[in-house]
Amino acid sequence: MITFVPEPHLLDSPRGREWPRPPAPPSPARGASPPASADVVIVGAGPAGLAVASALWHHGVHDVVVVDRTGRPCGRFFDRIDTLGQRVLRSPYEHHPGVEGFRDCELLDFARLHWSRLTRTERREIRMAQSGHRSVVPVDVFDAYCAHLATSHHVAEKAWQATVRAVEPGRDAVTVRTDRFSVAARHVVLCPGEERRSAPETWWGGGHPPRGVSFWDESVPSGAQCQVVVGAGLTAAHLITGALAAGREVQWVVREPGERYQCADVNSSFFRPEGRKRFDGVGWSERLELMGRFRRASIMFEFRPQLERAEAVGRLVVHRGEAVKEVAAAVGGTVVLRLESGRRVAGDHAVLALGTTPSIGTGLLPDDVVAARDGWPELDERTLSYRREPRVSVVGAAAGMVLGPAARNIDGHRVATTRVAAAIAHRLRHGVPAEVAAGV
């Protein structure tokens with residue numbers, strides 16, 4: 001069997017180009033507060049929150065408040081991407097936060113409209129997408145498309161900057177309490193995304209990382225000459241290539257016996273209805289097994305040639321099958337990681353890319369509403385609302401035990417949004433419970 005490995009030039013799309021944007025109404029003034037009540041409050045304005053708000057607009061639900069820690073649609077999403085120096089998305093053109101079932105400008109349409117702004121490689125990728133082949137999407141194109149959605153679906157003007165502290169179900173409404181204001185809603189959709197996974201307390205005793213150690217979504221000091229990267233996924237690959245491009249040597253610690261390369265973050269079959277059917281009709285333990293098998297860290301094939309070349313010339317040293325046991329504070333400008341094998345790895349700075357964990361509502365909703373089991377919430381499979389509080393739904397990675405591994409992917413957001421938006425619109429229009437609306 002021959003494996004096609006694309007050349008790394010697919011990863012080099014420009015970032016920061018100017019794109020034509022439709023006239024937009026002003027966003028809420030900084031420090032202002034939204035109305036005290038709304039039909040729907042969306043917590044989180046990332047790709048999932050943007051998809052939900054856009055879908056509700058198509059359903060005629062306009063009394064919507066979006067609460068986000070940055071106040072900008074997809075702001076945190078792109079801040080993290082730019083911190084990594086990422087130039088293309090792993091998701092193909094057919095995966096985007098547009099709305100299924102409604103005539104709309106989709107991501108591929110948007111890219112073709114701006115053909116003159118694209119590089120030769122980017123245009124070739126569009127032709128590949130039109131032919132039904134795998135292609136990569138430039139971050140610049142996706143960023144401009146999200147801005148287009150936020151404007152054309154009136155999302156930006158409904159986005160308010162605040163940090164949500166609690167989501168409190170009451171008799172007549174669900175109250176969303178933030179650090180600045182409270183909003184009473186008839187329905188709430190949680191789209192908080194994923195949080196970075198913390199390091200084990202045994203590494204340095206818990207708490208803030210020692211000097212010389214940071215996480216993947218934090219900047220690396222420019223003066224570092226030798227960088228240590230811990231992690232086996234796409235984030236680690238971006239950190240490594242960024243460090244190599246900056247002229248640094250890299251020590252890479254990988255717990256697994258070897259790196260895992262594939263085209264997408266999960267098996268492509270899970271993006272299709274027949275793949276999601278694998279989760280229907282099977283028990284909880286079988287779903288856990290599938291999630292464990294197909295939600296493993298992996299890297300896009302495009303990275304393989306440059307990582308292999310860097311390792312061959314000694315600029316990249318890979319410690320395969322090695323787990324970190326302890327991280328010592330930097331002494332004299334050097335941070336030391338002690339591995340379980342007894343070996344030591346040292347560098348000027350260490351970056352931890354340990355993956356992410358889904359935000360399932362714990363810490364916001366009462367624990368008895370979340371009803372967490374093995375780290376997953378108890379959801380109605382038809383509406384993605386909490387079984388014990390049907391006025392609150394989730395879209396994103398938290399729906400993994402219903403939709404499968406694709407739930408964390410942008411395409412999974414589209415599938416989840418279709419169910420959630422239709423159920424909410426029907427409930428608001430007819431006053432019936434969301435779980436009944438899903439069966440209508």
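If R0 is 22 Å, the Cβ-Cβ spacing of Arg197 and Trp284 corresponds to a FRET efficiency of close to 0.45. When only the Cβ of Lys, Arg, Asp and Glu is charged (+1, +1, -1, -1), the dipole of region 1-130 relative to its Cα centre reaches about 480 debye.
Ignoring the sites themselves, the chain has its longest run without trypsin sites (Lys or Arg not before Pro) in a DSSP loop having at most 13 other Cβ atoms within 10 Å at 344-440.
For the chain, give me the percentage of DSSP beta bridges that are antiparallel, rounded to the nearest 5 percent. Walk me through the numbers before you get to the answer.
Values: 27 of 62 bridges.
Percent antiparallel among DSSP bridges in the chain is about 45.
Summed over qualifying helices (DSSP H, 4 residues or more, each -39500 (n - 2.57)) and divided by its residue number, the chain shows a 222 nm mean residue ellipticity of -8000 deg cm²/dmol.
Go ahead and collect, in residue order, the members of region 116-142 whose backbone nitrogen is under 15 Å from a label point 7 Å along the Cα-Cβ direction of Arg21. Label zone hits: 140-142. Label zone of Glu218 (point 7 Å out along Cα→Cβ, amide N under 18 Å): in region 331-358 this covers 331-338, 347-357. For the chain, modelled as a GNM whose springs connect Cα atoms under 10 angstrom apart, the maximal fluctuation among Met128, Met300, Met401 occurs at Met128.
Would you mind checking region 44-75 for residues with the amide N under 14 Å from a putative spin-label position 7 Å along Cα→C-beta of His154? Correct set: 53-66.
Each label point was placed 7 Å from the Cα along the Cα-to-Cβ direction; for Arg120 and Asp79 their separation is 3.9 nm.
Using DSSP to call loops (not H, G, I, E or B), can you name the chymotrypsin sites (Phe, Trp or Tyr not before Pro) in region 139-192 whose Cβ has at most 16 other Cβ atoms within 10 angstrom? If you can, show how the numbers build up before the last one.
Numbers: sites: Phe142, Tyr145, Trp160, Phe181; in loops: Phe181.
Those that pass, being in a loop and sparsely packed, are Phe181.
Using a simple spin-label model with pseudo-atoms 7 Å out from Cα toward Cβ, Thr163 and Thr70 lie 1.7 nm apart. With a Förster radius of 45 Å applied to the beta-carbon distance between Trp204 and Ala29, the computed FRET efficiency rounds to 0.60.
May I ask you to derive the relative contact order of the chain, considering only C-alpha pairs under 8 Å and at least 6 residues apart, and to give it as an integer percent? Walk me through the intermediate numbers first.
On the way: 861 pairs, mean separation 88.6, N = 440.
Answer for the chain is 20 percent.
For region 183-257, averaging the sequence separation of C-alpha pairs within contact (under 8 Å, six or more residues apart) and dividing by the residue count gives a relative contact order of 24 percent. Remark: the Gln262-Thr334 segment gains 22.5 nm on full extension, using 0.36 nm per residue and subtracting the alpha carbon distance.
In order along region 282-298, phi translates into HN-Hα couplings of 10, x, 4, 5, 5, 5, 4, 5, 5, 5, x, 6, 10, 10, 6, 5, 8 Hz, rounded to whole numbers, per the Karplus curve 6.51 cos²θ - 1.76 cosθ + 1.60 with θ = phi - 60° and x for Gly and Pro.
Every read-out reported here was derived from the displayed coordinates using simple, explicitly stated rules and does not represent laboratory data. Since we're looking at a predicted model, the values are computed, not measured. Glycine also receives a Cβ, built like all others from the backbone with ideal geometry; neighbour counts cover every protein chain displayed.
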